[in-house]
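Trainee: Here it is, the structure, as structure tokens.
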Amino acid sequence: MSCLMVERCGTISLDSPDQNALCVRMQGDERVRGQAGLLSERRGSYPFIDFRLLNTTAPSGEIGTKKKVKRLLSFQRYFHASRLLRGIVPQASLHLLDEDYLGQARHMLSKVGTWNFDIFLFDRLTNGNSLVTLLCHLFNLHGLIHHFQLDMVKLHRFLVMIQEDYHSQNPYHNAVHAADVTQAMHCYLKEPKLAHYLTPLDIMLGLMAAAAHDVDHPGVNQPFLIKTKHHLASLYQNVSVLENHHWRSTIGMLRESGLLAHLPVEMIQDVEQQLGSLILATDINRQNEFLTRMKAHSDNRDLSLEDANHRHFILQIALKCADICNPCRVWEMSKQWSEKVCEEFYRQGDLEHRLHLEISPLCNQQKDSIPSIQIGFMSFIVEPLFVEWSRFTENTPLTITMMNNLRKNKGTWRGLLLKQHSNSEDNAAQTNEDKIRTSLEVDHS
């Protein structure tokens, strides 16, 4: 059964004894999870995270059960649980896709390996279920469902959990970003130099890590969590705080879904560890570490993709590229992503201002313009990484397209930055003229 059809099913019920998951029922967009006993709202209905809670601590008299539940729940689940406990019942409206939309979504999936794939359009056509639909299709396309004998209902359950634990109110770090990164990862896995050596496990890890690499992202960065003394910063000792949380959250949902429960224990442990290694590689603070190692391999020509460790390293590089590939997309899509990520930066800056904290770099809307942010990002982060990726792939058509888009987009942002400066100078000159005119009028009055 395809995921496009699963999304349209009126009711799917499953009685399963494993992992206490007594019942999983999906009615339209409404899900019930037996183990946690919490109703999960449809994606897009979560309240904004109240960051006033970041500095609060639990009262000393809090019962043990509540503490355990709070630790187990992610940001999304905890805040939603608090709504339910206050008696706020979610409005579970039913949204079904008509056949025209399904047909267009299927047509898009037939071209999922092309670089101009429009993830925004695909998300609309799938009624906000781009991540689930895309992953189901790719798992089937790569033969992973058959190879690992995956239960389709458990796979769908896991993907729905991943998608719902992204914060839809985040302008950038949401499930659409995850779907975009996953589609890019799929393109990279098809690169001839890499595809020939990849095992089914490599492919599953790459797609799964791409889908979950930012799960439960709160919409603020690591420095914010550190300076607000958030419990995650303490838990992970201020090192790769968000990435560790994404990884641990993913493992929790993987176990809860029971997707891999039928596999040998040693294999499950290996999958969990490799997922962690891939997701932790997306920490931007480790950029130089990976870039230096990639350059050394390219200079020495000592990469052997028959070696599992070398393949894993290239998967890490591929995921890093997929995570920051927006500037390499066509302008229409690249511009949208740029505006979304800057909006998220500015929201953090506004929050820091309200909390009387120092505004983080790139988060001050009055000083940091979108063109200047994007030009710096492309010059110091994106270009160096993609130059090394180009060396590895030996300038395939995809790589050439990406590098051409990158150069064009950077040039467009430079033009917009010059225009901004020109307008600012004109406005300043006009302001001076107005001041002089006013002064003269006062003198002659």
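Trainee: Report His146's accessible area, 1.4 Å probe, all protein chains in place, as a number in Å² to the nearest 10.
Mentor: The accessible area comes out at roughly 140 Å².
Trainee: Using a 1.4 angstrom probe and counting only protein chains, how large is the accessible area of Asp299 in Å², to 10?
Mentor: 100
Trainee: Something else about it: Sorted by accessible area (1.4 Å probe), largest first, how do Lys410, Lys295 line up? Write out the running numbers ahead of the final one.
Mentor: Working: Lys410 25, Lys295 85 Å².
Result, largest first: Lys295, Lys410.
Trainee: Then there is this: Restricting things to alpha carbons, tell me how big segment 101-421 is in terms of Rg and Dmax, in Å.
Mentor: For segment 101-421, the Cα radius of gyration and maximum Cα-Cα distance read 19.3, 61 Å.
Trainee: Just grab the label-to-label distance for Met267 and Phe120, each label 7 Å out from Cα along the Cβ direction, in nm (one decimal).
Mentor: 4.2
Trainee: How high is the FRET efficiency from Thr199 to Leu357, r the C-beta distance, R0 51 Å, rounded to 0.05? Working shown, then result.
Mentor: Working: r = 47 Å, r/R0 = 0.92.
Calculated value: 0.65.
Trainee: For segment 101-421, what is the accessible area per residue in Å², given a 1.4 Å probe and the full set of protein chains?
Mentor: Details: 12940 Å² over 321 residues.
Per residue, segment 101-421 has 40 Å² of solvent-accessible surface.
Trainee: If the limit is 19 Å between Cα atoms, which of Lys335/Lys410; Lys111/Lys410; Lys229/Lys340; Lys190/Lys340; Lys190/Lys335; Lys190/Lys408 go over it? Before the final figure, lay out each step's value.
Mentor: Numbers: Lys335/Lys410 11 Å; Lys111/Lys410 27 Å; Lys229/Lys340 27 Å; Lys190/Lys340 28 Å; Lys190/Lys335 26 Å; Lys190/Lys408 25 Å.
Table pairs above 19 Å Cα-Cα are Lys111/Lys410; Lys229/Lys340; Lys190/Lys340; Lys190/Lys335; Lys190/Lys408.
Trainee: So, with a 1.4 angstrom probe, what is the percent of accessible area on segment 101-421 that is carbon and sulfur? Intermediate results must be reported in sequence, preceding the final value.
Mentor: Details: 6860 of 12940 Å².
Of the solvent-accessible surface of segment 101-421, carbon and sulfur hold 53 percent.
Trainee: If you don't mind, there's one more thing I want to ask. Can you work out the FRET efficiency for the pair Gln420 and Asp307, with r the C-beta to C-beta distance and R0 = 51 Å, to the nearest 0.05?
Mentor: Details: r = 49 Å, r/R0 = 0.96.
Computed FRET efficiency for Gln420 and Asp307 comes out at 0.55.
Trainee: With every protein chain left in place, what is the accessible area of Ser168 in Å² (1.4 Å probe, nearest 10)?
Mentor: 40
Trainee: Calculate log10 I(q)/I(0) of segment 105-186 for q = 0.24, 0.26 Å⁻¹, where I(q) comes from the Debye formula with a single equal point scatterer on each Cα and nothing for solvent.
Mentor: Values, matching the q order: -1.24, -1.37.
Trainee: Averaging sequence separations of C-alpha pairs under 8 Å and six or more residues apart, then dividing by the length of segment 134-240, give the relative contact order as a whole percent.
Mentor: Working: 81 pairs, mean separation 32.2, N = 107.
About 30 percent, as a whole number.
Trainee: Between segment 235-266 and segment 344-376, how far is it from one alpha carbon centroid to the other, in angstrom?
Mentor: Here the answer is 31 Å between Cα centres.
Trainee: So how much slack lies between His231 and Asn140, counting 0.36 nm per residue of separation and subtracting their Cα-Cα distance, in nm?
Mentor: Numbers: separation 91, 0.36 × 91 = 32.76 nm, distance 3.88 nm.
Fully extending the segment from His231 to Asn140 adds 28.9 nm.
Trainee: At a threshold of 8 angstrom on Cα-Cα distance, excluding pairs fewer than six apart, so keeping six or more, what relative contact order does segment 101-421 reach in percent?
Mentor: On the way: 356 pairs, mean separation 55.7, N = 321.
Relative contact order comes out at 17 percent.
The values are calculated or read from the model by the stated rules, or taken from the named source; none is laboratory data. Everything quoted here is computed from the prediction, not taken from an experiment. Ideal geometry is used to build each Cβ from the backbone, glycine not excepted, and the neighbour counts take in all protein chains shown. Just the protein is used for accessible areas: all its heavy atoms, side chains included, with ligands, DNA and RNA removed. Shrake-Rupley method; radii C 1.70, N 1.55, O 1.52, S 1.80 Å.
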